[in-house]
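Participant: Below you'll find the structure I mean.
Readers should treat all values here as calculations from the given coordinates under stated rules, not as data from a laboratory. Just so we're clear, the structure is a prediction, and the values are computed from it rather than from any experiment. Every residue, glycine among them, receives a Cβ derived from its backbone with ideal geometry; neighbour counts consider all protein chains shown.
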């Protein structure tokens, strides 16, 4: 789907090539019609801001938001597992799923990076794409709220992604940061105290509910079983 691909591009690190492609990206979002008018209007403001802002200022804004603050990390599993070994296994499962669908990762790229995840969803059937994205809905909704607190133009982009996840995630499950938008140290401290979880319900015995990682493992098992059946049939 073009919409997932377009949103992935917009959420990537800003480059001159991205700025040059903004008119085409905007046209694709309007043409496919997956987003409601309210979201398209919000994205138009994002397009305007990106088009009017110098590349160096855009780069600085992106780094300060998404690279310097763990509360706004675009690495999905970091919000679930932090730096634990569970995150490593979850990323292995997700990377295997990408490989199954023929999506190649660049060297040093992490599979749980949200722009890459959106690019993967763009090659799936619509319902399957939404189903995968819905498992990350709570994280995306939390990012929307935190970006809105900072009055960032990127809030409109994450809100569009949240809409595609559907089902209205219960953001009350995510602890309110209760800090000023520009207090980066306090925001990070709040994130560490209350990590966002995938899916409904709270953590049980210190383990967060991670339906996305579970789905990745299920896909691997199903693929392995399918391959085994094929090998048996060819004997």
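Participant: What full-extension length gain, to one decimal in nm, is calculated for residue 131 and residue 18 as 0.36 nm per residue of separation minus the Cα-Cα distance?
Facilitator: 37.9 nm
Participant: Find, to one decimal place in angstroms, the Kirkwood hydrodynamic radius of the range 1-150, where the mean of 1/r is taken over every pair of different Cα atoms and then inverted.
Facilitator: That comes to 16.4 Å for the range 1-150.
Participant: Moving on to the next point. Under the 0.36 nm per residue contour assumption, what length would be gained going from the current alpha-carbon distance of residue 68 and residue 40 to full extension?
Facilitator: Result: 7.3 nm gained on full extension.
Participant: A follow-up question, please. Give the separation of the Cα centroids, the range 8-43 to the range 46-118, in Å.
Facilitator: 18 Å
Participant: Can you give the FRET efficiency to the nearest 0.05 for residue 100 and residue 2, using r as the Cβ-Cβ distance and R₀ = 30 Å?
Facilitator: The pair residue 100/residue 2 has a calculated efficiency of 0.85.
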